[in-house]
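Working notes, beginning with the structure itself.
Each value in this text was obtained by applying a stated rule to the coordinates, not by laboratory testing. Please read all numbers here as calculations on a predicted model, not as lab measurements. Reconstructed Cβ throughout: ideal geometry from the backbone, glycine too, with neighbour counts over all protein chains shown.
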Amino acid sequence: MAIIDTLLHYGSYLAAFYALYVVAGVLAFGLFLRHRLHQNARRTPLALRVRREPASARDGESRSH
């Protein structure tokens with residue numbers, strides 16, 4: 001009986017440390033993904049589209065003001 005109690009006692013510690021190990025691994029992997037995704041977003045230039053109006057439309061607006 002003492003062997004079974006000992007195994008159950010240390011087994012509960014093993015389960016708790018394994019759960020902690022899994023949680024730490026998930027957090028580390030999440031931080032790694034976040035770092036990689038934000039690094040790629042910073043490196044990629046943002047393509048801006050500028051809508052150019054015809055010169056005649058700009059002249060008409062400037063005369064009315």
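A Förster distance of 25 Å, applied to the separation of the beta-carbon atoms of His35 and Thr6, puts the FRET efficiency at 0.05. Remark: the stretch 14-24, residue by residue, has Karplus-estimated 3J(HN,Hα) of 4, 5, 5, 5, 5, 5, 4, 4, 5, 4, 5 Hz, where x stands for each Gly or Pro and the curve is 6.51 cos²θ - 1.76 cosθ + 1.60 at θ = phi - 60°.
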